[in-house]
Amino acid sequence: MGYKIVTDSTVDMDHKMIADLDLTVIPLCFTIDGKTYKDKADLSEMPTKTFYAKLREGKMSTTTQVNADTFTQTFEPILQSGEDILYIAFSSGLSGTCQSACIARDELKEKYPERKIYVFDSLCASLGEGLLVYHAAMMK
């Protein structure tokens, strides 16, 4: 039995690297100018240039943590396929996303007791988290 590496979009990897490393990436969301967008690595619903142009205009951006239900929806098909999960999380010091993953893990462990779900708090974001994910993929 194998395992799948899962992370979130704060890893700041481009879509080609994500595909090459066979990662599952859960998008975080951000709200700017009254509208919410999913962050999908370099294929976000709002282009990076537009995002930074809005910041230069003085617009503020806020982010939301991933909820437990999103983790359940992401993790369950992986578990159903017979794979275990290593989730490398956005820093718990910056977001509650890691805690949401733990809630989903605890619920899914009851349903899939034979599967392993590891939630690893990277204590990082951006490039630091991306490097941990990259090295984990290389070790796999």
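The values are calculated or read from the model by the stated rules, or taken from the named source; none is laboratory data. Source: prediction; values computed, not measured. Cβ: placed from backbone, ideal geometry, glycine included. Neighbour counts: every protein chain shown. The area values use the complete protein model at the heavy-atom level, side chains included, leaving out ligands, DNA and RNA. Shrake-Rupley method; radii C 1.70, N 1.55, O 1.52, S 1.80 Å.
Structure values in brief
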read-out	value
Matching entry among LYS59, LYS54 (being part of a loop (DSSP other than H, G, I, E, B) and either on the phi < 0 side of the Ramachandran plot or open to solvent by 80 Å² or more (accessible area, probe 1.4 Å) (or both))	LYS59
Counted residues, the range 62-71 - those being part of a loop (DSSP other than H, G, I, E, B) and open to solvent by 30 Å² or more (accessible area, probe 1.4 Å)	2
Residue tally, condition within 19 Å of SER100 (Cβ to Cβ) and in contact (Cβ under 8 Å) with a residue 60 or more places away in the chain, over the range 19-38	2
Single residue of THR74, THR48 found to be under 13 Å from SER9 (Cβ atoms) and surrounded by 12 or more Cβ atoms within 10 Å (Cβ to Cβ)	THR74
Residue that is touching a residue at least 60 places away in the same chain (Cβ under 8 Å) and not in a loop (DSSP other than H, G, I, E, B), where the choices are LEU127, LEU132, LEU79, LEU108	LEU127
Residues satisfying the stated conditions in the range 1-19, i.e. surrounded by fewer than 14 Cβ atoms within 10 Å (Cβ to Cβ) and touching a helix residue (DSSP H, G or I) at 6+ places or on another chain (Cβ under 9 Å)	ASP14, HIS15, LYS16
Only one of LYS4, LYS16 that is of a type in the set (D, E, K, R), without any contact (Cβ under 8 Å) to a residue 24 or more places away in the chain and not in a loop (DSSP other than H, G, I, E, B)	LYS16
Members of the range 77-101 found to be closer than 20 Å to TYR3 by Cβ and exposed (fewer than 14 other Cβ atoms within 10 Å of the Cβ), listed by number	PRO77, GLN80, SER81, GLY82
Selection count, the range 104-140, where residues are buried (at least 17 other Cβ atoms within 10 Å of the Cβ), out of contact with any Ser or Thr (no Cβ under 8 Å at 6 or more places or on another chain) and among the hydrophobic types (A, V, I, L, M, F, W, C)	4
Yes/no for ALA89 being modelled with pLDDT of 95 or more and in contact with a Phe, Trp or Tyr (Cβ under 6 Å, 6 or more places away or on another chain)	no
Odd one out for THR74 among (1) in contact with a strand residue (DSSP E or B) (Cβ under 9 Å, 6 or more places away or on another chain); (2) farther than 20 Å from LYS4 by Cβ; (3) of a type in the set (S, T, N, Q)	(2)
